[in-house]
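The values are calculated or read from the model by the stated rules, or taken from the named source; none is laboratory data. Predicted model only: the values in this text are computed from it and were never measured. A quick note on method: Cβ atoms are made from the backbone with ideal geometry, for glycine too, and the neighbour counts reach across all protein chains shown. Protein only, heavy atoms only, side chains kept; ligands, DNA and RNA dropped before computing areas. Shrake-Rupley method; radii C 1.70, N 1.55, O 1.52, S 1.80 Å.
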Amino acid sequence: MSTLYLDLAGGISGDMTVAALVDLGVPLDVLREALEAIGLAEVEIETVREQRHQIAGTRFLVRHRGGRKADGGVEHDPKRRAVARVTGSLPEHTHRPYRAIRALLERSALAPAVKEAAQRVFRVLAEAEGAVHGVAPDDVEFHEVGSWDAIADVVCTAAGLAHLGVGTVYCSPVPVGSGTTRTAHGAIPVPGPATLRLLQGFPVLQGPPAFERTTPTGAAILAALARPAPQPFAYTPERIGIGLGSADPPEVANLLRAVLVRTEAIPAGVTQETVELAAANLDDANPEWIGYAMERLLAVGALDVALLPLQMKKNRPGTQIQVLYPPALRDAVLSVLLSESTTLGVRFQSWERWVLPRRAHTVRTAWGEVAGKVAEFGGRARFAPEFEACRALALRHGVPLPEVYRAAQRAWEETESS
């Protein structure tokens, strides 16, 4: 499977994503087949070559075969967008509930992988919109995102990724823009409430120029199909596609770069995941407080906590506390570090790690059962007893802790050999 890196230089929208994939080499016929499979045969797609800040790329256009814009949706046309910005109005949009789009996808003849990816995008979007408006996802009424062109953008994105054989999608920090934008609900701040909710866990860059650089559809594609690139992110670019947005502001080249990359090969049987590392230096903390902070960090779900000795300024001995955790737990980890330690600041880094899949396993010893984990690599499995399980038996029966460990390992080996 290939790895795709999305460099969100100008931002991301549904049409920019499809345009970048087409620029990478996805044939339009592949996308047309996907639209026919979902029952959108009356929708016509095409691409044009344009430039943004003298950088050539591809624009993706969706229209009705009869010449009308697709189902009341906004055409990807910079002139129409310019008129909308000046007059404060947008063309009419068709309201379409999420349950109708879900049914459309379920009964389609899309390939399973394409269908699942498209369903995932609309599901996360419905969940975000539902949370914003205080309704159940099934009751969400899509406006701009419910139009045929937005549906086509999502389906074509899923089809394009499948055609390229993309298994992993990374993205750069997400520029969202600033100011306000007009929607069917009226003027809303940029980024929109649903967009911001979708980008939870992604590094976000907010600021000028004042327009919507990341649309709800673009944010949903990231939330459903991509993950933030680790920093630093080392890769070898192999092919590059450039998708252009409809706007052409003077402040930024409104384009999305999709880069097929080669990363270091992952050994068979190993999984890849992104984790974060939080670190804080302490030189004025009671050691007992640091121990308590470690317990609290593990209690909120940290994967690991390490304490490193330091020699700090003015020759004071200190401790660096390092916390490894899934990105979604950043707020919880930060809360513990700021409330349970004396630090005034916390540093964060994103890391890519390779891990062996593990499964729970229990063995029986002369003193009772010992829970542990089994990991496999290269056709071999190994068992690691859990400390707390061994400790409990050692205390209960008055035997040395190492003896319980050795008994658990023997029990595992006998099980494997039988």
Taking segment 310-323 and keeping only residues that are open to solvent by 100 Å² or more (accessible area, probe 1.4 Å) and either assigned to a helix (DSSP H, G or I) or within 19 Å of residue 348 (Cα to Cα) (or both), one is left with 313, 314, 315
Taking segment 282-295 and keeping only residues that are within 30 Å of the chain's Cα centre (by Cα) and open to solvent by less than 80 Å² (accessible area, probe 1.4 Å), one is left with 293, 294
The residue from 293, 371 that alone is assigned to a strand (DSSP E or B) and over 25 Å from residue 200 (Cα atoms) is 371
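Quick one: count up the residues across segment 16-39 that are touching a strand residue (DSSP E or B) at 6+ places or on another chain (Cβ under 9 Å) and either within 13 Å of residue 242 (Cβ to Cβ) or hydrophobic (A, V, I, L, M, F, W, C) (or both).
Taking segment 16-39 as the starting set, the residues that turn out to be touching a strand residue (DSSP E or B) at 6+ places or on another chain (Cβ under 9 Å) are 16-26, 28, 31-32, 35.
Subset that is either within 13 Å of residue 242 (Cβ to Cβ) or hydrophobic (A, V, I, L, M, F, W, C) (or both): 16-26, 28, 31, 35.
Selection size over segment 16-39: 14.
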Per the filter on segment 11-38, residues modelled with pLDDT of 95 or more and not in a helix (DSSP H, G or I) are 11, 12, 13, 25, 26, 27
Selection over segment 361-381 where residues are free of Cβ contacts under 8 Å to residues at least 40 places away in the same chain and touching a strand residue (DSSP E or B) at 6+ places or on another chain (Cβ under 6 Å) yields a count of 7
Residue 182 passes all but one of the listed conditions (1) open to solvent by 20 Å² or more (accessible area, probe 1.4 Å); (2) more than 18 Å from residue 212 (Cβ to Cβ); (3) in contact with a Leu (Cβ under 6 Å, 6 or more places away or on another chain); the exception is number (2)
Picking from 216, 208, the residue that is out of contact with any His (no Cβ under 6 Å at 6 or more places or on another chain), open to solvent by 40 Å² or more (accessible area, probe 1.4 Å), more than 18 Å from residue 274 (Cα to Cα) and not basic (Lys, Arg) would be 208
| request: With the condition kept exactly as written, say whether any residue in segment 228-235 is outside any strand (DSSP E or B), of a type in the set (A, V, I, L, M) and under 17 Å from the mean Cα position of the chain (by Cα). | output: yes
Within segment 375-418, the residues that are closer than 23 Å to residue 270 by Cβ, among the aliphatic types (A, V, I, L, M) and surrounded by 17 or more Cβ atoms within 10 Å (Cβ to Cβ) are none
Scanning segment 194-205 for residues that are within 23 Å of residue 332 (Cβ to Cβ) and not hydrophobic (A, V, I, L, M, F, W, C), the one surrounded by the fewest Cβ atoms within 10 Å (Cβ to Cβ) turns out to be 200
Considering residues that are open to solvent by less than 30 Å² (accessible area, probe 1.4 Å) and either over 30 Å from residue 180 (Cβ atoms) or among the basic types (Lys, Arg) (or both), the number found within segment 219-249 is 2
